[in-house]
1. Compute the Rg/Rh shape ratio of segment 13-62: radius of gyration over Kirkwood radius, all on alpha-carbon atoms.
2. Arrange the peptides 129-140, 46-57 so that the one whose residues have, on average, the most other Cβ atoms within 10 Å appears first.
3. What order, most packed first, do the peptides 23-31, 6-14, 79-87 have when packing is the mean number of other Cβ atoms within 10 Å of each residue?
Amino acid sequence: MLNSKIIFNSIFIFSIFSSSFALFLEYFLGHMPCKLCIYQRIPYYVIILIGFTNIFSKKYFAYLYLFLVLLLFSELLSSGYHSLVTFEIITYSGCGSANLPSDIVELKEALVSDSLVVDCSNANLEYLGLPLSLYNFLFSSFFLLIIIWNACKKKN
């Protein structure tokens, strides 16, 4: 049986790493995220916030842990949905393909103003042939399974 605090801190550290990596890819390597990628980051940001809250106030750990489980579940749903869109199993109308201007000056202005829209069905970055949204889905599933397994072990 794992300690709940170890699980909590592991998820907290993973969220910091994952968010930092996504921001690094976006701002330093130029991989523009789609709308679903941005939505997928929100649970991680909240997990980081409650992780820092836990550092400064230990007396609300049970509530924060429950909130963490809900956030992981929302991350599981959003990353699963994003993966289904990426593999074109379902469609998401909130993302459209970027219409690249033919003129270089217009393209420069569009890039500076951040008005280009990245298509959600095309994963612009993959690792080992899998989109990053699928990795988020797998990690969320993994952490949720550990929490469920740990809860079952505590009952026995």
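Every number in this text was worked out from the coordinates using simple rules, so none of it is lab data. Being a predicted model, the structure only gives us computed values, none of them experimental. Every residue, glycine as well, gets a Cβ built from its backbone with ideal geometry; the counts of neighbours run over all protein chains shown.
1. Details: Rg = 13.2 Å, Rh = 12.0 Å.
Dividing the radius of gyration by the Kirkwood radius yields 1.10.
2. Numbers: 129-140: 19.2, 46-57: 15.1.
By packing density, highest mean first, the sequence is 129-140, 46-57.
3. Working: 23-31: 11.7, 6-14: 16.8, 79-87: 20.7.
Going by the mean number of other Cβ atoms within 10 Å, highest first, we get 79-87, 6-14, 23-31.
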